[in-house]
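Accompanying notes for the structure given below.
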Amino acid sequence: MTRSERIDRLLTAIPELSDYRLQLIDRIVGALSLSREYWKSKTSRLISERVLEDFGDVLRLHHCFSREPFSKDKFEYALESVLKTDGIDAALAPRGQRGYDIRIRGENFSLKTEAARAIRLDTIHISKFMELGGGQWGDNPADLIGLRAQFLSALAGVQRILILRALRKGTPDYFYELVEVPKALLKKVVTGRFKMMSSTKQFPKPGYCYVEKKGEILYSLYFDGGGERKLQIKGLRKDLCLVHATWKFDPPTDTL
């Protein structure tokens with residue numbers, strides 16, 4: 001459909017809409033007309049100018065009707081859609097597929113989101129990188145070696161890791177960034193230092209694998225022995241990652 005054909009179709013349909021539907025359209029048009037600031041890294045080969053614009057507008061459309069941060073499932077769907085619109089080969093993983101979330105130009109990507117109230121600008125926290133369902137895990141510090149092996153096995157199934165971070169959530173504006181965590185950085189856990197939290201009453205005992213350089217912690221894996229038994233990545237230095245793009249925009253004016 002050409003641009004003029006789409007405009008004609010909309011002009012034909014608008015007079016037949018109910019008052020409330022007109023209000024919805026007015027709200028969307030108003031939101032897309034508000035001040036915004038989109039930026040992409042010159043070194044990014046993933047985010048084109050069109051993908052930058054289109055993904056930012058999807059974020060703005062989302063916040064026309066929700067104050068909640070963009071969720072992981074929306075992130076997956078929107079990224080696939082805007083990439084395809086730009087002619088880039090992209091396909092979501094089949095339902096139930098473990099390991100990766102989307103394939104882009106033949107590479108498997110893991111997609112994550114971060115939107116905690118206490119989110120920090122300079123460090124990244126992935127609250128659930130994966131589930132730790134199987135394997136030996138009790139109160140023996142040696143069990144952490146097997147948990148690390150599960151992480152490395154999961155890492156082997158992807159080539160790249162992206163995280164969409166909601167840094168501001170409408171007060172005074174919305175601010176998202178798309179960050180790539182280098183896989184090579186995560187593979188450094190093979191030389192990590194283990195620490196099991198033996199004094200806690202929790203069972204299985206949680207523990208850490210600290211990745212360090214010259215005595216400075218680059219990040220840590222946290223083996224969370226709670227109900228979900230999940231693996232977290234804590235305190236990951238953002239300066240060791242690539243920021244592909246950022247999106248800042250004003251919250252919509254209430255026209256409903």
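Read-outs throughout are calculated quantities, based only on the coordinates presented, and are distinct from any laboratory measurement. Quick caveat, the model's predicted, so the values are computed rather than measured. Neighbour counts run over all protein chains shown; Cβ positions are idealised from the backbone, glycine included.
If we count every other residue with Cβ under 13 angstrom of Arg193's Cβ, Lys/Arg +1 and Asp/Glu -1, where does the sum land? Net charge around Arg193: +2. Counting every alpha-carbon pair across segment 2-128, the share separated by more than 18 Å comes to 67%. Over all other residues within a Cβ to Cβ distance under 13 Å of Tyr174, the charged ones net out to +1, with Lys and Arg as +1 and Asp and Glu as -1. For the pairs Lys40/Lys74; Lys213/Lys248; Lys84/Lys230; Lys128/Lys201; Lys40/Lys128, flag any whose C-alpha to C-alpha distance is greater than 29 Å. Correct reply: Lys213/Lys248; Lys84/Lys230. For segment 83-151, a simple Cβ point-charge model (Lys and Arg +1, Asp and Glu -1, everything else neutral) yields a dipole of about 180 debye relative to the Cα centre. A Förster distance of 45 Å, applied to the separation of the beta-carbon atoms of Ile25 and Glu131, puts the FRET efficiency at 0.60. Applying both filters, DSSP loop and at most 14 other Cβ atoms within 10 Å, to the chymotrypsin sites (Phe, Trp or Tyr not before Pro) of segment 1-88 gives Phe65. Computed over the alpha-carbon pairs of segment 37-249, the distance histogram in 10 Å steps reads 8, 32, 34, 19, 6, 0 percent, short to long. Structural descriptor for segment 37-249: relative contact order 23 percent, calculated from alpha carbon pairs under 8 angstrom and at least 6 residues apart.
Here the contact order of segment 1-147, divided by its residue count and restricted to Cα pairs under 8 Å and six or more residues apart, works out to 11 percent. Considering only Lys72, Lys213, Lys187, the mean-square fluctuation computed in a Gaussian network model of the chain, springs between alpha carbons under 10 angstrom, is largest for Lys213.
Given a Förster radius of 22 Å and the C-beta distance between Phe65 and Leu11 as r, what FRET efficiency does 1/(1 + (r/R0)^6) yield to the nearest 0.05?
Numbers: r = 24 Å, r/R0 = 1.09.
According to the calculation, E is roughly 0.35.
Within the shell defined by Cβ-Cβ distances under 14 Å, the residues around Leu144 carry a net charge of +2, with Lys and Arg each +1 and Asp and Glu each -1. Distance between the C-alpha centres of segment 65-118 and segment 1-62: 19 Å, rounded to the whole angstrom.
Would you list, by chain and number, the aspartates and glutamates whose Cα falls below 15 Å from the Cα of Lys205, excluding same-chain residues fewer than 8 positions away? Candidates past the 8-residue exclusion: Asp139, Asp143, Asp224, Glu228. Scattering from segment 90-209 was approximated by placing one identical point on each alpha carbon and applying the Debye formula without solvent; log10 I(q)/I(0) at 0.09, 0.11, 0.13 1/Å stands at -0.32, -0.48, -0.66.
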